[in-house]
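Quick note: the coordinates plus some simple rules give every number you see, no bench work behind them. Here the structure is a predicted model, which is why all the values come from computation and not from measurement. Here the Cβ positions follow ideal geometry from the backbone for every residue, glycine too, while neighbour counts run over all protein chains shown.
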Amino acid sequence: MYLLRYTNDTLNAIPGYPPQPEAVPHLKGWLDVLDRGWSAVLQRRRWDTANREGTGVAQESLAVNMTERTRLKSLLLSGTESLAEWLERTRKAQLQEFAKAAEDEGNEELEGETVNMEAFEDVFSRTLEDLGQKSGDDAPQMTGLVEPELLLQSELEGDGDMLAFDDIDE
């Protein structure tokens, strides 16, 4: 799937850039569009280019299979962790710039607004919700890991898109 590879390449590339505080708001906006795009794909909705979101009822197209869903979830969790580290480096670089500017001006207090880390707390929240990873939800969360006993008792159902697991009688 092209979007999966694109997301992987992008999330792996961002931490390689030097800290750029001025780019952070643009990055947040772009990640939000990517999140809405993944949500549209997972819900099988048409993409509205004007509003940048999925619209309409679910399309009669192939669903994202379980392997791709697991890869996506893993990618988002590791990618957002790398992104958080990059944002922290950006925030520290920004604080150093403020300290240098304050020193040059003879001020003791730092002036300026640093990168808002809290703005990134909900990054990919739509996609993770569509993947079944809601915070505070009692529903089972997809981990991508299957116990061997369950795997042995699995059977293919329907058109082969989903692998269903029978309950284990204990």
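Values computed for the structure shown
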{"item": "Theoretical gain in end-to-end length, residue 1 to residue 125 [0.36 nm per residue, Cα-Cα removed]", "result": "42.6 nm"}
{"item": "Chain lengthening between residue 65 and residue 52 when straightened (0.36 nm per residue, less Cα-Cα)", "result": "2.3 nm"}
{"item": "Whole-Å distance, taken between Cα centres, linking segment 73-104 and segment 19-38", "result": "14 Å"}
{"item": "Cα-centred dipole magnitude for segment 1-82, charges only on beta-carbon of K, R (+1) and D, E (-1), debye, nearest 20", "result": "240 debye"}
